[in-house]
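Worksheet: one structure, shown below.
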Amino acid sequence: MGSATSSMAAKFAFFPPDPPSYNLSVDESTGKMRISDVHQREDVDVMKLSTKKGNEIVAMYVKNPSASLTLLYSHGNAADLGQMHHIFTELSLHLGVNLMGYDYSGYGQSNGKPSEQDTYADIEAAYKCLEEKYGVKEEDIILYGQSVGSGPALELAIRLPHLRAVILHSPILSGLRVMYPVKRTFWFDIYKNIDKIPFVNCPVLVIHGTEDEVVDFSHGKQLWELCREKYEPLWLKGGNHCNLELYPEYLKHLRKFISAVEKLPPIQNVTEQGTDQQECPSKTTDQNTEKARSSTDHKEKSRPSTGQREKSRLSTDKSRTSTDRREKSRKSIDRSGKARNSTDQTERARNSFDRLGDMVRSVGLCNVDCLKQAASEA
């Protein structure tokens, strides 16, 4: 029954580009694998990774010689590496990070069929590659989950106690909640992010557009409310599901966040209680999580879902012991993080923002094929 339900959910949840936007080739002179129809770069490695589910997925790694942190990026729906290639290289350059991106099973030139469990195996394979091939440490990784990619990102986040940070871009509370405003978790739901977010031990940045027509703005706000380690969120007034990269505030806020978490010493100790809690999300019915959701639902009713200023902090969880230095760093960063009005019309985009915005428009990047309309209007 569970397998049949998962297969049915996959038909509604996953929309790989058909046909894929790219092909793979091998450079005869170097023997390196390449993605077709993109500018070939020496700082990009393309590879195939085997997952524990028996699939081979395509991944790309963008190297930045000045980087101290690595972004592991789980992209949104209806996209693949052919479309994301330029975005990934630009983010690596302008954020000063290494970046690993990958296609889910059944997306692009990755074989197999997409499912919730397969995406978990996919991100696990990408993470394993970072550790074993590139020598990246857990405490130097930031997980980035966009839209449906928030599912595999949070699944991995609750299993990595020393993770540096998490970024959620237009995230979902769960698959079912995208379609129906249900107040409880059902066993057949997928990507139960609402049950997992309280168990993430590192700083979390949430980015969401206030006019998101696919994943309602309330999803991002509620996930932010449930975070242990809240960081100043970015609510983009007027932003929809597919155009947040076009806002100059997008890169500015990402830069600010990465600069902040770079200064945080890695987590050295996690209490037994914290470790035990990380196992709880797999049950998805933890009573404490239900209480937190209930409280958050009440708050959502009491205030409008607009892009107003949000005061945030990097909260300190009492059940976890961290070094004094890390706590002082968080408090210092919190005091310096002033809530911003993300609708400042007088602010002009820098050249780097313009380049990224033009790139988003040029590839027609979109999680559910809606950016094409936004691009034509622009």
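The values are calculated or read from the model by the stated rules, or taken from the named source; none is laboratory data. Note that the structure is predicted; figures quoted are calculated from it, not measured. Positions of Cβ are generated from backbone atoms using ideal geometry, with glycine treated the same way; all protein chains shown enter the neighbour counts.
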(request) Please state which of the following conditions V214 fails to meet, knowing it meets all the rest: (1) surrounded by fewer than 22 Cβ atoms within 10 Å (Cβ to Cβ); (2) under 30 Å from K256 (Cα atoms); (3) out of contact with any helix residue (DSSP H, G or I) (no Cβ under 8 Å at 6 or more places or on another chain); (4) not polar (S, T, N, Q). (result) (3)
(request) Answer with yes or no whether Y120 is surrounded by 23 or more Cβ atoms within 10 Å (Cβ to Cβ) and either under 21 Å from L154 (Cα atoms) or in contact (Cβ under 8 Å) with a residue 12 or more places away in the chain (or both). (result) no
(request) Any residue in the range 226-248 that's over 9 Å from D212 (Cβ atoms) and assigned to a strand (DSSP E or B): show its pairings with residues that are modelled with pLDDT under 95 and of a type in the set (A, V, I, L, M, F, W, C) at Cβ separation under 7 Å, as long as the two are six or more apart or on different chains. (result) E229/L314; K230/L314
(request) Please work out if I158 is of a type outside the set (K, R) and more than 10 Å from the chain's Cα centre (by Cα). (result) yes
(request) Could you please give the count of residues in the range 128-148 that are closer than 21 Å to F257 by Cβ, in contact with a helix residue (DSSP H, G or I) (Cβ under 8 Å, 6 or more places away or on another chain) and surrounded by 24 or more Cβ atoms within 10 Å (Cβ to Cβ)? (result) 5
(request) Tell me which residues, restricted to the range 50-75, are part of a strand (DSSP E or B) and crowded, with 20+ Cβ neighbours inside 10 Å. (result) I57, V58, A59, M60, Y61, V62, T70, L71, L72, Y73, S74
(request) Answer yes if at least one residue in the range 109-116 is modelled with pLDDT of 95 or more, under 26 Å from C227 (Cβ atoms), buried (at least 23 other Cβ atoms within 10 Å of the Cβ) and in contact with a Ser or Thr (Cβ under 9 Å, 6 or more places away or on another chain), and no otherwise. (result) no
(request) Go through (1) at pLDDT 95 or above; (2) more than 15 Å from the chain's Cα centre (by Cα); (3) outside any helix (DSSP H, G or I) one by one and return the number of the condition A78 breaks. (result) (1)
(message) I want to confirm something. Restricting to the range 1-57 and keeping residues that are aliphatic (A, V, I, L, M) and at pLDDT below 90, which single residue is farthest from N111 (Cα to Cα)?
(response) M1
